[in-house]
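Here's the structure we're looking at; comments come further down.
The values are calculated or read from the model by the stated rules, or taken from the named source; none is laboratory data. Everything quoted here is computed from the prediction, not taken from an experiment. Cβ atoms come from the backbone with ideal geometry, glycine included; neighbour counts cover every protein chain shown.
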Amino acid sequence: MNRAMQSILFLLIGAIAAGGGAGFFLYQANADRSALIAQAQEAQRKAEEVTASGKTVTEEANRKLEQASEEVAKAQARVRALEEEREWFAKAEILTAARATQYWKEWLNYSHGFTVKLPTNVTDVKNNERGLEATWISIKPYVNEPIALETAYVVSGKLLLGFKSEEAWIFRVQSSANISHLVTLYPTPRVTEKTMLDALSTLTFRDE
């Protein structure tokens with residue numbers, strides 16, 4: 001092999017070696033780039049998880065705060081109701097059963113836990129799971145009927161709070177700020193105010 005051929009051969013070998021080295025470094029660079037991209041993607045995923053987790057925690061905290069605020073509002077409303085009830089108790093008239101009522105018929109409504117005595121001439125009484133109803137008196141569960149609060153009586157430890165008019169007497173029955181029954185009486189020419197008060201005085205209620 002002459003000198004010229006040797007020189008060409010060495011050049012070719014050098015080029016191959018150089019090309020191989022460049023290929024290796026190119027491969028390594030691509031591998032490093034892929035690894036960096038993967039690391040960046042993993043970091044992004046973790047960042048998104050942290051953000052989502054933080055959002056969830058914030059939403060949960062806000063929900064609990066809202067619930068706590070509602071509970072505080074309910075507690076404050078109950079305190080106000082108890083204070084108002086105490087004021088009404090202080091100025092309410094206490095009714096005690098008149099002697100004449102011992103001869104009246106007693107009606108027991110087991111479904112709603114109350115008893116009342118009515119004159120024996122009251123014969124049109126409907127006493128069932130909906131309450132008690134007769135010509136001039138009605139006793140039923142209270143279902144948020146808005147009524148004027150002007151007059152108060154105390155019967156068997158319960159507060160009867162409502163109003164009296166020529167058309168009707170309407171009272172809600174309550175204790176410890178819990179309203180349980182609605183009592184309505186209808187004045188008629190045959191039913192005196194004393195008779196209605198005597199009927200109210202015989203009311204008893206089962207403690208819940």
List the strands (runs of 3 or more DSSP E) inside region 111-160, counting only whole elements, that have at least 1 residues being of a type outside the set (Asp, Glu), closer than 11 Å to Val183 by Cβ and in contact (Cβ under 8 Å) with a residue 12 or more places away in the chain. 114-118, 131-133, 137-141, 151-155
Spot the failing condition for Val122; the list is (1) over 22 Å from Trp88 (Cβ atoms); (2) more than 35 Å from the chain's Cα centre (by Cα); (3) modelled with pLDDT of 95 or more, and only one is missed. (3)
Quick one: which of Asn109, Asn128 is in the same structural domain as Leu182 (by TED's automatic domain parsing) and loosely packed, with under 14 Cβ neighbours inside 10 Å? Asn128
